[in-house]
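Structure first, commentary second.
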Amino acid sequence: MSATTHAEIYDSDSKINASLLVYDETDRMSIVASQLSINKTIDESNTVNASIIIDSITGATPTGEVPFGSVQTVTSASGNTSTVSATSFPSIEVEDTRTALSGSWINQVSRLLALTGSANLSSENDYKSTGLSLSASLDTEDKLTTYSLAVSTTADDISRSSRVDNVAGIPTGMTNSSLLLREDTSSESRTTNDLVIGFTQVLTPRTLFQMNFTRSQSDGYHTDPYKLISIVDGNGVQVASYYEKRPDSRVRNSIYSQLIHNIDGDVLRLSYRRYQDDWNLTSDTLDLKYRIKLNKYYVEPHIRYYQQSAADFHRYYLNAADSPPDYASADSRLAEFTSYTLGVSSGYDFKNYQFSARLEYMSQQASPDRSNDPVNLQAFNLFNGVEAVIAQVNFSLFF
């Protein structure tokens with residue numbers, strides 16, 4: 001089942017794509033992301049691509065502490081102060097802008113072999129990242145099977161705004177936050193190396209199957225320098241808070257499979273991803289899309305289900321009667337939870353341009369292991385569920 005591109009239909013060798021995405025969580029984070037990219041065919045063997053993404057992030061993110069039990073004043077990463085009610089999860093206000101640049105070059109070495117080289121750069125106030133990747137795809141003689149191999153490396157530099165507590169530098173993990181202890185350096189580094197092996201198989205003239213295996217190893221600083229974890233007494237009252245600390249390495253493995261089937265012009269896409277890492281965090285993702293073709297229009301309903309277990313060092317809080325562990329984090333992103341996404345996208349193909357839009361609703365809720373809650377603070381739920389709306393518009397011009 002071969003696909004004919006829009007560019008081939010209209011004999012165009014250039015494409016400009018622009019998109020705007022809005023992600024808005026209820027009472028929490030909001031992100032506005034704009035992207036502009038250009039794809040240019042140089043000759044029959046070479047294609048280049050360049051893109052820029054600008055993200056604007058605002059809103060509140062939980063610190064990781066349990067509700068204080070009394071009204072408190074907190075300082076944000078932007079230097080602003082606000083009050084937190086006795087039963088609310090403490091949070092800090094975040095305001096930042098990220099700029100990301102990327103470029104790639106695709107070389108069709110032969111009729112069956114293609115190589116792609118890519119580079120990317122991302123920068124925000126307290127985080128910088130650079131990356132390089134190289135991939136190859138090899139078709140069989142009958143072009144019914146494509147084998148792929150990709151390697152990449154990323155270098156990250158992580159720092160922390162001094163506007164939160166007027167002290168510069170990376171916090172010392174698993175120490176009392178009131179002591180304001182800092183590491184010797186003002187920033188920390190992390191490197192990540194990825195390997196992806198996969199294949200794509202044409203099963204029938206209407207059916208395509210894809211499978212990828214990804215292994216990723218990262219070494220260096222994995223802790224979130226803004227996250228805290230509460231120390232509570234036997235009554236569940238916070239008596240102190242510690243800076244969180246995570247292991248300095250992480251190995252991730254995932255298997256991704258996708259089935260694409262054409263049903264009289266409509267397209268069914270069903271994918272499944274299994275993930276596990278050496279933090280004992282596992283996850284399963286099931287994604288279903290069904291594109292209904294209506295002449296030059298299409299409508300595509302979308303359902304996504306996601307479930308993950310907790311990392312082995314995730315805790316809702318630490319008990320004051322116990323000695324602090326080597327690693328602990330109350331970050332809800334490392335907790336056990338499930339989420340689902342429901343949405344729909346629609347688009348239209350004009351003579352030399354395309355327009356599409358999508359609207360989705362996402363709900364994320366906890367399914368916690370109560371063994372991590374020995375003082376029984378479940379009255380606070382110990383996990384701030386997340387609800388979000390995602391809207392995106394996309395415009396492509398072929399010339």
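Every read-out reported here was derived from the displayed coordinates using simple, explicitly stated rules and does not represent laboratory data. Nothing here was measured: the structure is a model prediction, and the numbers come from that model. Virtual Cβ from ideal backbone geometry, glycine too; neighbours counted across all protein chains shown.
What to note about this one:
- Extension reserve of the TYR275-SER189 stretch, reckoned as 0.36 nm per residue once the Cα distance is removed: 28.5 nm
- The modelled label-to-label distance between SER12 and LEU144, using points 7 Å beyond Cα along the C-beta direction, is 3.5 nm.
- Computed magnitude of the charge dipole of the chain (debye, nearest 20; Cβ of K, R +1, Cβ of D, E -1): 840
- Residues in the range 52-60 carry Karplus couplings, in order, of 9, 10, 10, 10, 10, 10, 9, x, 10 Hz; the curve used is 6.51 cos²θ - 1.76 cosθ + 1.60 with θ = phi - 60°, and Gly or Pro positions show x.
- Separation in nanometres of the label points that stand 7 Å from Cα toward Cβ, at ASN176 and LEU134: 5.3
- A cut-off under 10 angstrom between Cβ atoms defines the neighbours of ARG333, and their net charge, with Lys, Arg +1 and Asp, Glu -1, is -1.
- Three principal axis lengths of the range 117-202 [C-alpha, angstrom, descending]: 67, 24, 19
- For the chain, calculated [θ]222 nm from helices alone, where every DSSP H run of n ≥ 4 adds -39500 (n - 2.57): 0 deg cm²/dmol
- Semi-axis lengths, Å, the chain, gyration tensor of Cα atoms, sqrt of 5 times eigenvalues: 43, 23, 22
- Full extension of the chain between VAL151 and ILE54 gives 32.3 nm of extra length, using 0.36 nm per residue less the Cα-Cα distance.
- Derived scalar couplings ³J(HN,Hα) [the range 354-367; Karplus, 6.51 cos²θ - 1.76 cosθ + 1.60; whole Hz; x for Gly, Pro]: 10, 9, 9, 8, 9, 9, 9, 10, 10, 10, 10, 9, 7, 9
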